[in-house]
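Structure first, then comments.
Bear in mind these aren't lab numbers, they're just calculated from the coordinates by the rules spelled out. Being a predicted model, the structure only gives us computed values, none of them experimental. We place every Cβ from the backbone using ideal geometry, glycine too, and count neighbours over all the protein chains shown.
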Amino acid sequence: MSDSRRPEAHGRGAQIEPPNRFGQSRAVPDLEHVELDEEYLEELRSLPTQYLPDASRSIISENDSPDIPFRYSLNPYRGCLHGCAYCYARPTHEYLGLNAGLDFETKIFVKERAPELFRDWLARNEYQPEVIASSGVTDCYQPAEKQYELTRRCLQVALEARQPVGVITKNALIARDVELLSELAQLNLIHVTLSITTLDGDLARDLEPRTSTPEARLRAVQKLRQAGIRAGVMIAPIIPGLNDSEIPAILKAAAEAGAVSASHVLLRLPLAVKPVFLDWLERNRPELRERVESRQRACRDGHLSNSEFGSRMRGSGPLADQIHQTFQVFARRYGLDQRPEPLDLSSFRPPRSSSGQLRLF
């Protein structure tokens with residue numbers, strides 16, 4: 001332990017604590033004098049998850065990005081226990097004075113007033129109904145949802161208000177709410193997307209350690225479809241040199257599970273996501289690091305990441321085009337190339353606010 005690196009934390013996607021870009025100082029572990037204290041080192045390996053109250057006064061985020069297909073998103077949690085090494089949302093924890101590595105997946109902020117805040121937001125006089133995405137940042141069905149049920153309660157508000165919602169998740173926990181989602185589906189108010197990165201269970205366990213298994217996600221798609229809920233899949237992210245060869249198999253499995261549509265996103269490595277992912281790659285797939293980095297650069301104009309609108313989601317260059325064309329060919333083959341039908345905006349009815357006050361108009 002002469003490199004002062006902390007021992008590997010069990011079940012975490014990140015194993016580093018990259019410096020906060022807004023911070024003025026950085027703590028560096030010095031473990032030289034405790035390298036024989038196995039009890040203390042085991043405490044470091046068994047890094048606990050902390051659920052922290054989030055007193056945010058708003059539950060809805062708004063974006064004007066031209067390559068994101070929604071304006072509003074609903075985010076009941078900050079941080080994500082799934083621990084995906086590639087998660088583009090990791091840098092959001094830096095706004096809280098924390099790091100995008102281990103802090104992001106061990107310090108989960110819970111917006112316990114999310115349903116009330118959502119209700120009040122929909123009850124505003126000036127609100128004109130649009131589809132709201134849940135979640136646009138961290139996963140709304142991450143393991144915290146099993147305990148807090150904030151997403152479920154927000155969906156109950158959406159049902160009451162006839163507010164259309166698009167849900168995307170990596171967690172089969174969504175199947176818990178199949179009856180509620182079915183009610184929304186009967187009114188054409190819901191579309192669900194299950195994000196599937198790989199069908200390789202070992203790779204999934206290493207890359208996204210606390211998500212549902214690929215098999216569980218496909219079973220969730222099947223269960224949702226059997227209940228009449230429009231459910232699609234997203235291959236996200238496609239990591240050149242690691243999982244891009246799985247595109248045909250993932251789309252075939254999704255079609256067999258009953259998925260109605262498919263989409264994809266190329267790996268993004270903005271800000272502190274880059275060191276977290278590269279560290280993961282070196283620890284878990286060192287024999288592939290050179291290939292993955294090289295192919296990622298080939299898709300990003302020689303860089304590991306590109307934040308330009310229009311290319312950041314699908315990349316650029318011959319290799320990115322080849323990946324996109326492969327996706328299109330097999331999506332068409334398996335009948336997954338159709339856009340989902342628009343959700344119904346016309347039946348929206350403002351809910352009563354959490355104070356009980358009615359709208360004036």
Subject >> Enumeration of residues in segment 288-323 that are in contact (Cβ under 8 Å) with a residue 12 or more places away in the chain and in a helix (DSSP H, G or I) >> reply: L288, R291, V292, E293, S294, R295, Q296, A298, P318, L319, A320, I323
**OP:** Just give me the residues in segment 159-190 being buried (at least 24 other Cβ atoms within 10 Å of the Cβ) and either free of Cβ contacts under 8 Å to residues at least 12 places away in the same chain or in a helix (DSSP H, G or I) (or both), in sequence order.
**Re:** I174, L181, L184
Original post:
Could you list, in sequence order, the residues of segment 62-93 that are within 30 Å of H10 (Cα to Cα), part of a loop (DSSP other than H, G, I, E, B) and either touching a Lys or Arg at 6+ places or on another chain (Cβ under 7 Å) or of a type outside the set (A, V, I, L, M, F, W, C) (or both)?
Top reply: N75, P76, G79, L81, H82, G83, Y86, Y88
Subject >> Total residues in segment 144-155, condition touching a Leu at 6+ places or on another chain (Cβ under 7 Å) and buried (at least 18 other Cβ atoms within 10 Å of the Cβ) >> reply: 5
Original post:
Since L345 meets every condition but one in (1) under 22 Å from the mean Cα position of the chain (by Cα); (2) assigned to a loop (DSSP other than H, G, I, E, B); (3) of a type in the set (A, V, I, L, M); (4) surrounded by fewer than 19 Cβ atoms within 10 Å (Cβ to Cβ), which condition does it not meet?
Top reply: (1)
Subject >> Residue that is of a type in the set (D, E) and surrounded by 15 or more Cβ atoms within 10 Å (Cβ to Cβ), where the choices are E308, E293, E287, E282 >> reply: E293
Original post:
Out of segment 219-278, which residues are assigned to a loop (DSSP other than H, G, I, E, B), touching a residue at least 60 places away in the same chain (Cβ under 8 Å), of a type outside the set (K, R) and within 25 Å of S182 (Cβ to Cβ)?
Top reply: A259, V260, S261
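Restricting the search to segment 229-288, which residues are among the polar types (S, T, N, Q) and under 17 Å from F330 (Cβ atoms)?
Residues satisfying the conditions are N243, S245, S261, S263.
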Original post:
Any residue at all in segment 132-155 that is touching a Lys or Arg at 6+ places or on another chain (Cβ under 6 Å) and aliphatic (A, V, I, L, M)?
Top reply: no
**OP:** Restrict the check to segment 196-203 and report whether at least one residue is β-branched (V, I, T), more than 15 Å from the chain's Cα centre (by Cα) and not in a helix (DSSP H, G or I).
**Re:** no
Original post:
Within segment 115-153, how many residues are over 16 Å from R176 (Cα atoms), among the basic types (K, R) and in a helix (DSSP H, G or I)?
Top reply: 1
**OP:** Scan segment 97-121 for residues that are farther than 30 Å from K274 by Cα and in contact with a Phe, Trp or Tyr (Cβ under 8 Å, 6 or more places away or on another chain) and jot them down.
**Re:** E112, W121
Subject >> Residue list for segment 94-114, restricted to those being surrounded by 20 or more Cβ atoms within 10 Å (Cβ to Cβ), of a type in the set (A, V, I, L, M, F, W, C) and assigned to a helix (DSSP H, G or I) >> reply: L102, F104, A114
